[in-house]
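Student: I have a structure here, written as structure tokens, and I will follow up with some questions on it.
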Amino acid sequence: MAQAPELKLAPTPGQTIGPFYGYALPFTDGEKLVDRAHPGAIRLHGTVRDGHGAPIPDSLLEIWQADEHGSIAQETGSLIRDGHTFTGWGRTAVDNVGRYSFTTVNPGPTEEGKAPFIMLTVFARGLLNRLFTRIYLPEDTAALANDPLLSSLPPERRSTLVAVREANGDLRFDISLQGPEETVFLSYPRNA
Amino acid sequence: MSTEETAESFENTHVLDPAATADSQETVNREIADIHAAYRASVADGAPEETQPRIDFAPYRSSLLRHPTKSLHHADPETIELWSPAFGERDVHVLESDLTIQHNGEPIGERIVVQGRVLDGDGRPVSGQLIEIWQANAAGRYVHKRDQHPAPIDPNFTGVGRAITGPNGEYRFTTIKPAPYPWKNHHNAWRPAHIHFSLFGTDFTQRMITQMYFPGDPLFPLDPIYQSITDPAARDRLVATYDHSVTSHEWATGYNWDIVLTGSNRTLMETEEEH
């Protein structure tokens with residue numbers, strides 16, 4: 001992309017989600033992008049940890065992804081969860097031991113030959129602004145090797161962005177806000 | 001959630017803030033002043049003005065172990081990152097923007113209207129998008145089981161609202177003015193009164209959660225969360241403006257607060273493709 005033009009307006013600062021979002025933001029079936037009975041349903045799960053490796057019990061996560069064919073949904077109804085409409089977006093709070101779990105599908109590549117990934121946003125008490133990252137699927141090793149973002153990272157950091165496929169087909173993706181296993185978090189043009 | 005759940009005991013509330021200290025307000029003020037002085041010196045030396053909070057801000061003790069120490073890594077946005085989930089009238093009922101009519105009776109407190117527009121960094125209105133708010137009641141108490149400080153729950157006030165922005169990015173909430181509340185960051189720590197806002201743009205990279213404050217709050221200089229924004233002009237962007245034209249006769253006082261998201265990369269690419 002060419003050099004992104006400057007913003008015309010100064011963006012409003014972010015602030016921490018704080019400790020008391022639990023009665024406001026989570027909603028029924030927010031973590032289910034598809035029903036568990038959906039033929040392609042998988043579980044995407046993991047633990048959110050701090051700089052001492054301790055689980056963070058007050059974090060909220062959102063994912064945003066394409067469907068199994070790589071199509072990006074523009075359907076409303078995420079907050080309704082009618083059981084039929086794939087909206088591509090999910091939200092869940094971690095539990096008391098920092099664990100989260102989404103029910104979703106493996107996203108297809110949005111463009112031919114691209115490595116498929118799920119976009120993840122992390123909010124937490126103690127975290128003063130949201131963090132973005134990508135959860136790559138581990139299978140398409142050729143596409144992963146050619147991925148511009150992954151290629152720009154040293155191998156030990158690259159691995160923090162690639163989910164682990166478990167024997168039953170589920171995806172495991174742990175998130176470390178700090179420390180030796182610190183997840184790579186992203187900045188985008190025009191979002192400083 | 002129901003108010004019954006607040007009966008659940010959280011006697012060990014200190015564990016919720018393991019980084020909490022017995023430091024005095026003066027100690028925290030000094031740390032904030034040092035960081036702000038270093039920022040002013042760096043700007044004087046030509047560093048760019050900051051628009052966002054520091055995520056590494058030690059006066060906010062809970063941030064110590066919860067911020068990445070490595071720089072954010074640059075990514076060129078790919079397809080999914082150029083879009084946002086779609087929300088609409090299916091998702092949110094129009095009455096959800098009035099937080100004063102969710103129960104059988106009137107909530108206690110000062111009724112207010114908070115209205116404004118959601119814009120992107122290029123000044124375009126963000127229309128048809130989800131905007132969510134949550135807040136403490138007029139006594140400074142949240143309807144949350146982890147808020148156990150001795151101020152009353154209001155059975156007629158939950159403090160949660162949602163809306164879909166209008167064609168010009170506009171929103172309007174009717175609510176009760178929240179009060180300051182104590183927290184455990186340091187000894188005698190109090191948060192300025194605020195309303196939490198959650199926002200979506202046209203690109204998911206514009207997703208943000210923030211807090212709106214009220215003009216003239218005496219707690220501003222003492223609050224490490226607000227002061228984590230080192231730039232005074234940037235801090236001011238979180239403060240609503242009292243607007244007497246929004247105030248209505250014998251009903252509610254009015255505040256204006258416009259929200260500017262970061263820049264869209266999708267509209268940028270679409271513009272490039274047109275040329």
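Student: Can you bin every Cα-Cα distance in segment B:26-177 into 5 Å intervals starting at zero and give me the percent of pairs per bin, rounded to whole numbers?
Tutor: 2, 7, 11, 12, 12, 14, 16, 15, 8, 3, 1, 0
Student: Please state the Cα pair-distance histogram of segment B:207-275 with 10 angstrom bins from zero: what percent is in each bin?
Tutor: Reading upward from the zero bin: 16, 35, 25, 17, 7, 1.
Student: Go ahead and estimate [θ] at 222 nm for chain A from helices alone: -39,500 (n - 2.57) per DSSP H run with n ≥ 4, summed, over the residue count, rounded to 500.
Tutor: Details: 3 runs with 14 residues, N = 192.
It comes out at -1500 deg cm²/dmol, rounded to the nearest 500.
Student: Now for a separate question. Counting DSSP beta bridges with both partners in chain B, what percentage is antiparallel, nearest 5? Intermediate results must be reported in sequence, preceding the final value.
Tutor: Numbers: 30 of 38 bridges.
Within chain B, antiparallel bridges account for around 80 percent of the total.
Student: What distance in nm separates the two pseudo spin-label positions at A:His52 and A:Arg165, each 7 Å out from Cα along the beta-carbon direction?
Tutor: In this crude label model, A:His52 to A:Arg165 measures out at 3.8 nm.
Student: Along the Cα→Cβ direction, 7 angstrom out, place labels at B:Glu89 and B:His36. What is the inter-label distance in nm?
Tutor: So the label points at B:Glu89 and B:His36 sit 4.7 nm apart.
Student: Next question, about the same structure. What is the projected area of the convex hull of the Cα atoms of segment B:151-273, averaged over all directions, in nm²? Walk me through the numbers on the way to the answer.
Tutor: Numbers: hull surface 42.9 nm².
Projected area, direction-averaged: 10.7 nm².
Student: Then there's this: Build a GNM of chain B with springs between Cα atoms under 10 Å: which of B:Ser71, B:Ser245, B:Ser198 gets the top mean-square fluctuation?
Tutor: Taking springs between Cα atoms under 10 Å, the residue moving most is B:Ser71.
Student: Can you pull the accessible area of B:Trp251 for me, 1.4 Å probe, Å² to the nearest 10?
Tutor: Accessible area, nearest 10 Å²: 140 Å².
Student: Could you give the Stokes-Einstein D for segment A:40-176 in µm² per second, using the C-alpha Kirkwood radius, 20 °C, 1.002 mPa s?
Tutor: Working: Rh = 15.7 Å.
Value of D from the Cα-based Kirkwood radius: 136 µm²/s.
Student: Taking Rh as the Kirkwood radius computed over C-alpha pairs, what is the Stokes-Einstein D of segment B:90-188 at 25 °C in a medium of viscosity 0.890 mPa s, expressed in µm² per second?
Tutor: Answer from the Stokes-Einstein relation: 166 µm²/s.
Student: Residue by residue through segment A:49-57, which ³J(HN,Hα) values in whole Hz follow from phi under the Karplus form 6.51 cos²θ - 1.76 cosθ + 1.60 (θ = phi - 60°), with glycine and proline marked x?
Tutor: Each residue's phi maps through the Karplus curve to give 10, 9, x, 9, x, 7, x, 9, x Hz.
Student: Principal axes first, then extents: for the Cα atoms of segment A:115-192, list largest minus smallest coordinate on each axis, whole Å, largest first.
Tutor: So the extents along the principal axes, rounded to whole Å, are 35, 29, 22.
Student: If you don't mind, there's one more thing I want to ask. Distance between the C-alpha centers of segment A:1-58 and segment B:100-174? Whole Å please.
Tutor: 20
Student: Would you mind counting up the charge near A:Pro148? Only other residues with Cβ under 11 Å from its Cβ, with Lys and Arg at +1 and Asp and Glu at -1. Walk me through the intermediate numbers first.
Tutor: Values: positive: A:Lys114; negative: A:Asp147, B:Asp76, B:Glu78.
Summing Lys/Arg as +1 and Asp/Glu as -1 gives -2.
Student: If the protein assembly as shown were replaced by its equivalent ellipsoid, with semi-axes equal to the square roots of 5 times the Cα gyration tensor eigenvalues, what would those be, largest first, whole Å?
Tutor: Values: eigenvalues 220, 131, 117 Å².
Value: 33, 26, 24 Å, ordered largest first.
Student: Sticking with this one: If only Cα atoms are counted, what is the Rg of chain B, and what is its Dmax, in Å?
Tutor: 20.1, 63
Student: Among residues other than B:Arg237 whose Cβ falls under 13 Å from its Cβ, what is the net charge (Lys/Arg +1, Asp/Glu -1)? It would help to have the intermediate numbers written out before the result.
Tutor: Details: positive: B:Arg235; negative: B:Glu49, B:Glu50, B:Asp231, B:Asp236, B:Asp258.
Computed value for this residue: -4.
Student: Also, I was wondering about something else. How long, wide and thick is segment A:51-113, going by the Cα atoms along their three principal axes, in whole angstroms, largest first?
Tutor: Per principal axis, max minus min of the Cα coordinates gives 40, 33, 14 Å.
Student: Under a cut-off of 15 Å between alpha-carbon atoms, report the aspartates and glutamates in cross-link reach of B:Lys70, not counting same-chain residues fewer than 8 places apart.
Tutor: By straight Cα distance, B:Lys70 reaches A:Asp50, A:Glu156, A:Glu181, A:Glu182, B:Asp56.
Student: Taking only C-alpha pairs under 8 Å that are 6+ residues apart, what is the relative contact order of chain B in percent?
Tutor: Values: 524 pairs, mean separation 69.2, N = 275.
Relative contact order for chain B comes out at 25 percent.
Student: Just to make sure I understand: if all protein chains stay in place, what is the order of A:Thr141, A:Thr76 by accessible area at 1.4 Å, largest first? Walk me through the numbers before you get to the answer.
Tutor: Details: A:Thr141 95, A:Thr76 40 Å².
Correct descending sequence by accessible area is A:Thr141, A:Thr76.
Student: Before anything else, pin down the relative contact order of segment A:40-176: Cα pairs under 8 Å, at least 6 apart, normalised by residue count, whole percent. Show your work: numbers first, answer last.
Tutor: On the way: 273 pairs, mean separation 42.6, N = 137.
Contact order relative to length: 31 percent.
Student: Something else: Quick one: net charge of A:Asp35's neighbours, Cβ under 10 Å, K/R +1, D/E -1?
Tutor: +2
Student: Over segment A:1-103, one equal point on each Cα, no solvent: what is log10 I(q)/I(0) by the Debye formula at q = 0.14, 0.15, 0.17 Å⁻¹?
Tutor: For the requested q values the scattering log ratios are -0.71, -0.79, -0.92.
Student: Highest GNM mean-square fluctuation, chain B, Cα pairs closer than 10 Å: which of B:Tyr39, B:Tyr255, B:Tyr213?
Tutor: The residue with the greatest mean-square fluctuation here is B:Tyr39.
Student: Moving on to the next point. Tell me the Kirkwood radius of segment B:158-200: reciprocal of the mean inverse pair distance over distinct alpha-carbon atoms, in Å.
Tutor: On the way: mean 1/r = 0.0768 Å⁻¹.
Mean inverse Cα-Cα distance, inverted, gives 13.0 Å.
The values are calculated or read from the model by the stated rules, or taken from the named source; none is laboratory data. Everything numeric here is computed off the predicted structure, so don't read it as measured data. Quick reminder, even Gly has a Cβ in these numbers, built from the backbone with ideal geometry, and neighbours come from all protein chains shown. These accessible areas exclude ligands, DNA and RNA; they are computed on the full protein's heavy atoms, side chains included. Shrake-Rupley method; radii C 1.70, N 1.55, O 1.52, S 1.80 Å.
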